[in-house]
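Below: one structure, written as structure tokens.
The values are calculated or read from the model by the stated rules, or taken from the named source; none is laboratory data. Because the structure is a prediction, the values reported are computed rather than measured. Positions of Cβ are backbone-derived with ideal geometry, glycine not excepted, and every protein chain shown enters the neighbour counts. For the accessible areas, the whole protein counts, side chains as well, though only heavy atoms, and no ligand, DNA or RNA atoms are used. Shrake-Rupley method; radii C 1.70, N 1.55, O 1.52, S 1.80 Å.
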Amino acid sequence: TELGVERRFVPESCPRAVRPGDFVRYHYLGSFPDGTRFDSSYDRGSTFNVFVGKGQLIAGMDQALVGMCVNERRFVKIPPKLAYGSEGVSGVIPPNAVLHFDVLLIDLWNSEDEVQVQTYFKPEKCPRTVQVSDFVRYHYNGTFLDGTLFDSSHNRMRTYDTYVGIGWLIPGMDQGLLGMCVGEKRIITIPPFLAYGEDGDGKEIPGQASLVFDVVLLDLHNPKDGIAIENQLVPESCERRSQTGDFLRYHYNGTLLDGTLFDSSYSRNRTYDTYVGKGYVIAGMDEGLLGVCTGEKRRIIIPPHLGYGEEGRGNIPGSAVLVFDIHVVDFHNPSDSVSITVHYKPSNCTVLSKKGDYLKYHYNASLLDGTLLDSTHSLGKTYNIVLGSGQVVLGMDMGLQDMCVGERRTVVIPPHLGYGEDGVEGEVPGSAVLVFDIELLELVSGLPEGYMFVWNGEVSPNLFEEIDQNHDGEVLLEEFSEYIQTQVDTGKGKLAPGFDFEKIVKNMFTNQDRDGNGKVTAEEFKLKDQEAKEEHDEL
């Protein structure tokens, strides 16, 4: 005669129980005491949806549902007076029938409910939160209130990308995403009137269903965003900052806003080399690389409309905010020339280096970021060259001009006057600016341009006869070489310094051996000032 309620299963967590006025969705089996079934929501494939305590149910069920939790199962015995009484239901329930219901509560909400947000992880740093009109990328698992999964972006392996607060989402999600930080995880519970309402979505979501979204926010930007720059390390000395048209070499780590690494120049062990401000890189990077110093480290945050846009690229998803942590190794401009800074110059500096001089000097060679490349000090010997003869890179030939013995200077050489785009494999990176700290130790004056040998005194009028020691009217290479060696040894003549003796002499002999037969005759033999200057107007 009395209502009987047996709680056959009660979930451990019960954040909310049914109260009069709530709307519920539940499954049930209806039977008579002898076990005969008269009704079942399972057979219809849909829950029974109804308000509690508003007279829409038989009185016994109205009472039996109060206090139930979602996922709770109750066995309810309802006497006739709280069911269909003495009249019953024609053809279904006889008069004065006791009814048994096996009830499982699936869903529960109230018309006064609002969106519920439960944050269970929030990053320590939260520089920015979701606002109306922001564009977000997030992953989610969507379940009903009983935990049944109806959708998941994780299963599709693709984030859900959308604007917030402009009607692209159901109203409850529009509200639930506001105020989130990138990296934050929250559970958003949405009543049906802020979701898909009475009709559901016509697919997986039934009408009047509460929805639960477990969301992690991966990305956030606004279409009005520009790039953001965070200076991490700026050198104390910054004599020059990058400008449009400069060529930069820099290292970088590229990540998404949630910290996912998508690329790194460090992993390739090679800098990224590019012009700045000329469209060789994405627009945001073009802008972010302006105004940097050599050695500077900065973070450049680039919204997708200044990055790879809606389509993305490679392992960069569409509409992704990009974060580049860069370290500027060096930069130059194609119009740059050699830069010379003199640190010490002797007071008695009268003889200056010029083309053709033989120089001995020490140097330390480094990159613009200070990386040491080479040093003569470590080898314990000087570097020796003939200035202007092409024995060193063009920039060094220029940097050693007009230097006196004892002088110390720093020579900065742009790559187009150094080792160019290719560099030297294993030693000098391509497109690298080079820095040489130089000390000139010795200078041997060279000969006038175009001369390999000069006389220190008057030239003998019988020069050919003196060279032709056997007086046969022909001079062989051996005779010629022996004579030149004697002139140098006795101080009567001088060879161009810094060159191999045999090569110079052979070159001189070849110039005199005009018919190329290995012998020089008196008719062939001429001093340099005796040689007629040939005209080549036809060329």
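In table form, for the structure just shown:
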{"quantity": "Amide H contacts of residue 433 (H built 1.01 Å from N, under 5 Å, at least 5 apart or other chain)", "calculated": "368"}
{"quantity": "Distance in nm between pseudo-label sites at residue 42 and residue 343 (7 Å out along the Cβ direction from Cα)", "calculated": "8.9"}
{"quantity": "Net charge of neighbours whose Cβ lies under 15 Å from the Cβ of residue 382, counting Lys and Arg as +1 and Asp and Glu as -1", "calculated": "-3"}
{"quantity": "Crossing angle, helix 477-489 versus the chain [Cα axis fit, 0-90 degrees, rounded to tens]", "calculated": "90"}
{"quantity": "Amide H contacts of residue 333 (H built 1.01 Å from N, under 5 Å, at least 5 apart or other chain)", "calculated": "247"}
{"quantity": "Helix-only mean residue ellipticity at 222 nm for the chain, each DSSP H run of n ≥ 4 adding -39500 (n - 2.57), per residue, nearest 500", "calculated": "-3000 deg cm²/dmol"}
{"quantity": "Normalised alpha carbon radius of gyration of segment 115-165 [divisor 2.2 N^0.38 Å]", "calculated": "1.34"}
{"quantity": "Calculated FRET value between residue 485 and residue 372, using beta carbons and R₀ = 45 Å, to 0.05", "calculated": "0.60"}
{"quantity": "Heavy-atom surface of the chain, accessible at 1.4 Å and reported per residue (Å²)", "calculated": "53"}
{"quantity": "16 Å Cα-Cα reach of residue 125 towards lysines, excluding residues that sit fewer than 8 places from it in its own chain", "calculated": "185"}
{"quantity": "Environment charge at residue 115 (Cβ cut-off 12 Å; Lys +1, Arg +1, Asp -1, Glu -1)", "calculated": "-2"}
{"quantity": "Selection from 175, 415, 53, by position along the positive dipole direction of the chain (Cβ)", "calculated": "53"}
{"quantity": "Share of Cα-Cα pairs in segment 453-530 lying beyond 17 Å, as whole percent", "calculated": "42"}
{"quantity": "In sequence order, calculated HN-Hα J values of segment 429-436 (Karplus, 6.51, -1.76, 1.60; Hz; x Gly/Pro)", "calculated": "x, x, 6, 8, 6, 10, 10, 10"}
{"quantity": "Label-point gap, in nm, between residue 203 and residue 66 - each point 7 angstrom along Cα→Cβ", "calculated": "4.1"}
{"quantity": "Convex hull volume per residue in cubic angstrom - Cα atoms of segment 228-332", "calculated": "92"}
{"quantity": "Amide proton proximity set for residue 150, modelled H, under 5 Å, gap of 5+", "calculated": "142, 143, 144"}
{"quantity": "The chain, relative contact order in percent, only Cα pairs under 8 angstrom and at least six apart counted", "calculated": "8"}
{"quantity": "Efficiency of FRET from Cβ geometry, residue 526 and residue 492, R₀ 22 Å, rounded to 0.05", "calculated": "0.70"}
{"quantity": "Rounded to 10°, Cα long-axis angle of helix 501-512 versus longest principal axis of the chain", "calculated": "70"}
{"quantity": "Cross-link reach list, lysines versus residue 526, counting only Cα pairs under 29 Å and skipping chain neighbours closer than eight places", "calculated": "354, 355, 492, 494, 503, 506"}
{"quantity": "Pairs of Cα atoms farther than 33 Å apart, the chain, %", "calculated": "67"}
{"quantity": "Rounded if a/c under 1.5, otherwise prolate or oblate - segment 1-159, Cα gyration tensor axes", "calculated": "prolate"}
{"quantity": "Virtual spin-label span in nm between residue 86 and residue 381, 7 Å along Cα→Cβ", "calculated": "12.8"}
{"quantity": "Set of aspartates and glutamates with alpha-carbon distance to residue 81 below 18 Å, sequence-local pairs under 8 removed", "calculated": "2, 62"}
{"quantity": "Full-stretch length increase - residue 350, residue 124 - with 0.36 nm per residue and alpha-carbon distance subtracted", "calculated": "74.6 nm"}
{"quantity": "Separation between Cα centres of segment 412-454 and segment 1-18, rounded to whole Å", "calculated": "90"}
{"quantity": "Potential lengthening between residue 449 and residue 238 on full extension [0.36 nm per residue; Cα-Cα distance subtracted]", "calculated": "71.8 nm"}
{"quantity": "Percent accessible area from carbon and sulfur atoms, the chain, protein chains only, probe 1.4 Å", "calculated": "48"}
{"quantity": "Cα radius of gyration and Dmax for segment 339-444 (Å)", "calculated": "13.3, 42"}
{"quantity": "Solvent-accessible ranking of 221, 343, 251, largest area first, probe 1.4 Å", "calculated": "343, 251, 221"}
{"quantity": "Pairwise centroid distance, computed over Cα atoms, of segment 488-519 with segment 243-273, Å", "calculated": "55"}
